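K.L.:
Handing you a structure now.
The values are calculated or read from the model by the stated rules, or taken from the named source; none is laboratory data. What you see is a predicted model; the values in this text were computed from it and never measured. Cβ: placed from backbone, ideal geometry, glycine included. Neighbour counts: every protein chain shown. Note: accessible area is taken over every heavy atom of the protein model, side chains too, but ligands, DNA and RNA are not part of it. Shrake-Rupley method; radii C 1.70, N 1.55, O 1.52, S 1.80 Å.
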Amino acid sequence: MPSAALHQELADELWNADRSAKQIAPLTDRHQDLGIEDAYAIQTINIDRRTSAGERIIGRKVGLTSKPMQQMLGVDEPDFGVLTDEMIIEDGDLIPLSRLIQPRVEAEPAFVMARDLAGPGVSTATALDAIAGVLPAVEIVDSRVTDWKIKLVDTVADNASSGLLVVGGRMRPVADLDLRLMGVVVSRGGELLDTGAGAAALGNPARCVAWLANKLGSLGAGLKAGDIVLPGAVHKMVPVRPGDVFRAEFAHLGAVTVRFSKEDAA
């Protein structure tokens, strides 16, 4: 079992990579014995650092909720990362690429929790009952690991490859929507890039919230009222180029615009 000292050393590497916007070699190339528990321990060290520096936890993101992504990383369940208030970007604001290393965009709904929720025994129906509403969102994922050469342990340790989050301003109650069929159209500079629907995320995005609540419950934690939960992408990640302007248009939710500065990423 890798030691707490190694967890701290790898957390330091990821922290410094994030702060300096520099890439590091995959953790799993250098430490083949790292397991998923080690990865979450490393993630937690850096989340504790963020909160000690004054950042506030505002929710979680669920990753690897589509079958193609699970197959690519050779896993059979999702993972999660932690969202803080410093990751939020207002709809349409310019994002400096110098903040990021190798960003990609993913359009997905964002859930806002109406009440606390923790496992065990949370079902999709229970999760739906605990969700206040849905917002249109675009997650800007990023990796501190060179060229996105990640395995499950790498991405979990790296806070599930979290970057930034752009959320729209119109929330709809989940009772008004069929989340499985809710579509999104993603364009760049007015050109259609991709489309997706909610069913790509574990068959129903609310099932991702149930999975997360059960997972957190097994770790002695849970979701809180007001938390934002990202259930995972419903289309392919799209690499970002300098000056890109993305627009994600969601059925029944409206659109979100994401604008990047013209200078290169770090």
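K.L.:
Restrict the check to the stretch 189-199 and report whether at least one residue is touching a Ser or Thr at 6+ places or on another chain (Cβ under 8 Å) and on the phi > 0 side of the Ramachandran plot.
P.N.:
No - not one qualifying residue is present in the stretch 189-199.
K.L.:
Let me ask something else. Need the failing condition index for ALA210 against (1) in contact with a strand residue (DSSP E or B) (Cβ under 7 Å, 6 or more places away or on another chain); (2) open to solvent by less than 40 Å² (accessible area, probe 1.4 Å), just the number.
P.N.:
Among (1) in contact with a strand residue (DSSP E or B) (Cβ under 7 Å, 6 or more places away or on another chain); (2) open to solvent by less than 40 Å² (accessible area, probe 1.4 Å), the lone unmet condition for ALA210 is (1).
K.L.:
Can I ask one more? In the list VAL112, VAL138, which residue meets the criterion of being touching a residue at least 24 places away in the same chain (Cβ under 8 Å), crowded, with 22+ Cβ neighbours inside 10 Å and either outside any helix (DSSP H, G or I) or not aromatic (Phe, Trp, Tyr) (or both)?
P.N.:
One residue alone meets the criteria, VAL138.
K.L.:
A further question follows. Given LEU193, LEU216, LEU179, which one is part of a loop (DSSP other than H, G, I, E, B) and crowded, with 17+ Cβ neighbours inside 10 Å?
P.N.:
On inspection, the qualifying residue turns out to be LEU179.
K.L.:
Before we move on, is ASP147 at pLDDT 95 or above, open to solvent by 20 Å² or more (accessible area, probe 1.4 Å) and part of a helix (DSSP H, G or I)?
P.N.:
Here the answer is yes, as ASP147 does meet what is asked.
K.L.:
What number of residues within the stretch 30-49 are among the acidic types (Asp, Glu) and either open to solvent by less than 20 Å² (accessible area, probe 1.4 Å) or touching a residue at least 40 places away in the same chain (Cβ under 8 Å) (or both)?
P.N.:
1
K.L.:
Conditions: (1) open to solvent by 20 Å² or more (accessible area, probe 1.4 Å); (2) at pLDDT 95 or above; (3) not in a helix (DSSP H, G or I). ARG170 meets all but one. Number of the miss?
P.N.:
Status for ARG170: all satisfied but (2).
K.L.:
Next question. Within the stretch 50-77, can you find the residues that are loosely packed, with under 14 Cβ neighbours inside 10 Å and part of a helix (DSSP H, G or I)?
P.N.:
Scanning the stretch 50-77 gives THR51, SER52, LYS67, PRO68, GLN71, MET72.
K.L.:
Oh, and also: Residue under question is ALA107, and the condition is that it be open to solvent by less than 20 Å² (accessible area, probe 1.4 Å) and either farther than 21 Å from ALA160 by Cβ or without any contact (Cβ under 8 Å) to a residue 40 or more places away in the chain (or both); does it hold?
P.N.:
no
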